[in-house]
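Q: Before anything else, here's the structure in question.
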Amino acid sequence: MLIVEDDASIAAQLVRGLTRGGYQVDHVTTGNEALAWGQPDVVLLDLELPDLDGVQVCRKLRERSDAAIIVVTAHGEEPDRVMALDAGADDYLVKPFGLAELQARIRAVLRRMRPGGDVVRYGPLTVDIRTHRVTVSGTEIFLTPKEFDILECLAADPGRVVSRHEILESAWDAHWYGPTKVLDVHMASLRRKLGVPGLIETVYGRGFRLGEA
């Protein structure tokens with residue numbers, strides 16, 4: 001993931017939060033650096049850059065890359081949104097915003113980029129995000145809403161380590177203050193229902209991920 005942001009304090013918060021969420025994150029401060037960076041999977045692009053117009057940077061990135069581009073800016077007026085989306089942005093988020101909302105937007109654009117749209121296939125597991133249907137080796141598995149929310153969070157980017165905090169924010173609420181033990185209870189039930197050892201891995205000290213079962 002590439003963050004294009006010239007405000008050092010905002011960039012530091014994004015890098016810290018997204019790294020904690022399991023993403024590999026790099027940061028540049030100018031449009032020229034962004035255009036020279038390489039081929040990221042996701043770009044978080046501020047429109048107010050010190051060297052180039054952010055909309056032009058967005059357009060040039062789209063011409064050369066299939067990366068998901070999420071514009072993050074203080075300008076939320078409709079003309080600004082229209083220009084950015086017409087230039088190739090996949091989503092538009094107005095500052096200030098919460099980390100949980102940003103991560104949800106990232107998961108959403110990554111889902112849209114996947115072949116098959118809202119259907120995730122990973123080893124024996126198939127997760128249909130739209131219909132909330134889950135199958136393992138062709139057999140349908142019936143999950144509770146919370147169990148599905150946890151699995152959806154993991155399946156949004158298979159193989160990425162998802163922190164406990166991110167799962168709690170996604171499956172429960174951004175302002176969840178209850179015991180985190182509730183996640184362990186639901187995770188144990190989810191693993192038991194899926195019935196495939198190693199399909200959900202615990203990465204100690206970091207969180208969980210879908211494993212190569």
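The values are calculated or read from the model by the stated rules, or taken from the named source; none is laboratory data. Because the structure is predicted, anything quoted here is derived from the model rather than measured. All Cβ positions, glycine included, derive from the backbone under ideal geometry; neighbour counts span all protein chains shown.
Q: In the range 86-115, which residues are surrounded by 14 or more Cβ atoms within 10 Å (Cβ to Cβ) and free of Cβ contacts under 8 Å to residues at least 12 places away in the same chain?
A: Residue satisfying the conditions is R114 alone.
Q: Say whether the condition of being at pLDDT below 90 and under 18 Å from I10 (Cα atoms) is met by at least one residue in the range 75-86.
A: Checking the range 75-86: at least one residue is at pLDDT below 90 and under 18 Å from I10 (Cα atoms).
Q: Report the residue count in the range 183-213 for those that are among the hydrophobic types (A, V, I, L, M, F, W, C) and in contact (Cβ under 8 Å) with a residue 60 or more places away in the chain.
A: 5
Q: For the range 98-213, which strands (runs of 3 or more DSSP E) that fit wholly inside it have 1 or more residues that are under 22 Å from the mean Cα position of the chain (by Cα) and at pLDDT below 85?
A: It comes to 119-122.
Q: Mind checking whether some residue in the range 28-40 is in contact (Cβ under 8 Å) with a residue 40 or more places away in the chain, in contact with a strand residue (DSSP E or B) (Cβ under 9 Å, 6 or more places away or on another chain), in the same structural domain as R105 (by TED's automatic domain parsing) and among the hydroxyl-bearing types (S, T, Y)?
A: No, there is no match, as no residue in the range 28-40 is in contact (Cβ under 8 Å) with a residue 40 or more places away in the chain, in contact with a strand residue (DSSP E or B) (Cβ under 9 Å, 6 or more places away or on another chain), in the same structural domain as R105 (by TED's automatic domain parsing) and among the hydroxyl-bearing types (S, T, Y).
Q: Please note which helices (runs of 4 or more DSSP H) are completely contained in the range 6-83 and include at least 2 residues that are over 19 Å from R160 (Cβ atoms) and touching a Gly at 6+ places or on another chain (Cβ under 8 Å).
A: 54-64
Q: State whether one or more residues within the range 51-63 are of a type outside the set (G, A, S) and out of contact with any helix residue (DSSP H, G or I) (no Cβ under 9 Å at 6 or more places or on another chain).
A: Taking every residue of the range 51-63 in turn, at least one turns out to be of a type outside the set (G, A, S) and out of contact with any helix residue (DSSP H, G or I) (no Cβ under 9 Å at 6 or more places or on another chain).
Q: With the checklist (1) in contact (Cβ under 8 Å) with a residue 40 or more places away in the chain; (2) more than 20 Å from the chain's Cα centre (by Cα); (3) crowded, with 16+ Cβ neighbours inside 10 Å in hand, flag the one item L47 doesn't pass.
A: Condition not satisfied by L47: (1).
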